[in-house]
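What follows is a single structure, written as structure tokens, with notes after it.
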Amino acid sequence: MTEPNSSSTPVEAWITGIGLATSLSDSLDANWAALQDGRVNADETGFAPYVVHPLAPVSFDAQIPKKGDQRQMEAWQRIGTYAAGLALDSAGIKGNKDILSRTDMIVAAGGGERDLAVDSAILNAEAQGNTAPGFLNERLMSDLRPTLFLAQLSNLLAGNIAIVHGVTGSSRTFMGEEAAGVDAVRIALARIAAGQSDIALVGAAHNGERKDLLVLYEFGGFNLKDKYAPVWARGAQPGFALGSGGAFLVIESRKHAEARGAKPFARLSSVVADQSRRKQPGDITRTLESLWAKLGQLGPDGAIITGATGAEPATAEERAFLGAHPEFAVRATGTSFGHTVETQFPLGLALAALAISRGEMFPPNDPGGLEIEKAGAPSQIVVIGTGHWRGEGMALVEAVR
């Protein structure tokens, strides 16, 4: 590890690896082609009346070769471990024990998945009156595997990435829905900028194809129901369509990347976060304006990739903020990929880095006209994460000079 940075100039951080496993594909080229074509993979029937974006077909064997490892993971862990492997491959450090032993890992994760079969059996027995004293404790002790405590522990994703891929630097797991994804990247950048870390694997995974999760969000009235619509076209029927996906990034100091001959996708220049009180109308809009002012010098013709959820009132207030910056071409990831909660912010960063590296923005996918065409190669892209319930964040991704 480098010595803490004692100069006044922060260390430049590069995004050198990207791993995506989404509802569209598990390859960068195929995801990009799907965005170019405006393709959407939304399921209106499998979890009706709720709309979900199911994971595209994936061969987990390619990144998790041991069947035993796969069996002890639930879907969200398999998705994340797979996407993390793709990111390590993309960065050219897969299997490099020297670098992996120094690679920090920062993961954003939810509360893990429940065992619905066990839950259902317990509830059915309770309803039928077949419950002797101690029944609940007995069933929990005998029916749940050792890695479960009602739901899987959030830090199991980081643990499985360490086991499968050998990433054995420091490890941190953040919880807190969309805000956790923002903070995972914010802390990674801060550590690299301060000289406390040379290289980090950062990201998240989410399984949106979960009946228990859909029920939880339905209690808050957050789910999109009956018919799919792009994010900006949900005003009459607001809500998010949960998406399955994993997004991981390899972020490292420019010096470390150049020393090993790595080529960057883009530069991660700034990440800022806040938590609006959301007590009065306009609170979210004002918080986003405050974050915008902290990003750094922005050019006149940049672009925005937002993880806008479609849930209200957060999406309407974010749209009001976007309306104050019409010179920036907007793209909403929720339209194409669904809402992947903790993964939404890392997903936006991955797409921003891809767009900068490929010298173009992907086309708009919005019938309402908020998203406009963007000509030329973007040199700056702002990634926005506005939580459906709480938490706001932004990042500035730039071309490497």
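Annotations
- Among the candidates THR315, THR285, THR335, the residue that is on the phi < 0 side of the Ramachandran plot, out of contact with any His (no Cβ under 8 Å at 6 or more places or on another chain), surrounded by fewer than 24 Cβ atoms within 10 Å (Cβ to Cβ) and in a helix (DSSP H, G or I) is uniquely THR285.
- Cβ-Cβ distances below 8 Å connect no pair with a first residue in the range 364-386 that is without any contact (Cβ under 8 Å) to a residue 12 or more places away in the chain, a second residue that is surrounded by 24 or more Cβ atoms within 10 Å (Cβ to Cβ) and in a strand (DSSP E or B), and a separation of six or more residues or different chains.
- The range 99-146, subset without any contact (Cβ under 8 Å) to a residue 40 or more places away in the chain and closer than 20 Å to LEU213 by Cβ, residue surrounded by the most Cβ atoms within 10 Å (Cβ to Cβ): ASP115
- Meets criteria (within 18 Å of the chain's Cα centre (by Cα), crowded, with 24+ Cβ neighbours inside 10 Å and among the polar types (S, T, N, Q)) for SER90: no
- Boolean, ALA188 is surrounded by 13 or more Cβ atoms within 10 Å (Cβ to Cβ) and closer than 22 Å to VAL11 by Cα: yes
- Residue match in the range 214-229 (condition: within 17 Å of the chain's Cα centre (by Cα) and either assigned to a helix (DSSP H, G or I) or modelled with pLDDT of 95 or more (or both)): no
- Residue in the range 191-212 that is nearest to the chain's Cα centre (by Cα), counting only those that are among the aliphatic types (A, V, I, L, M) and surrounded by fewer than 23 Cβ atoms within 10 Å (Cβ to Cβ): ALA193
- No other residue among GLY195, GLY235, GLY220, GLY243 is on the phi > 0 side of the Ramachandran plot and in the same structural domain as GLY80 (by TED's automatic domain parsing) apart from GLY195.
- Members of the range 230-258 found to be part of a loop (DSSP other than H, G, I, E, B) and either in contact (Cβ under 8 Å) with a residue 60 or more places away in the chain or closer than 19 Å to ILE106 by Cβ (or both), listed by number: PRO230, ARG234, GLY235, PRO238, GLY239, ALA241, SER244
- SER170 touching a strand residue (DSSP E or B) at 6+ places or on another chain (Cβ under 6 Å), polar (S, T, N, Q) and buried (at least 17 other Cβ atoms within 10 Å of the Cβ): no
- Of the residues screened, GLY299 is one that is out of contact with any Asp or Glu (no Cβ under 7 Å at 6 or more places or on another chain), among the small types (Gly, Ala, Ser) and at pLDDT below 95.
- Helices (runs of 4 or more DSSP H) lying entirely in the range 35-109 (those with 3 or more residues that are closer than 24 Å to VAL341 by Cα and out of contact with any Pro (no Cβ under 8 Å at 6 or more places or on another chain)): 75-91
The values are calculated or read from the model by the stated rules, or taken from the named source; none is laboratory data. This structure is a prediction, so every number in the text was calculated from the model and none was measured. Here the Cβ is made from the backbone with ideal geometry for all residues, glycine too, and neighbour counts use every protein chain on show.
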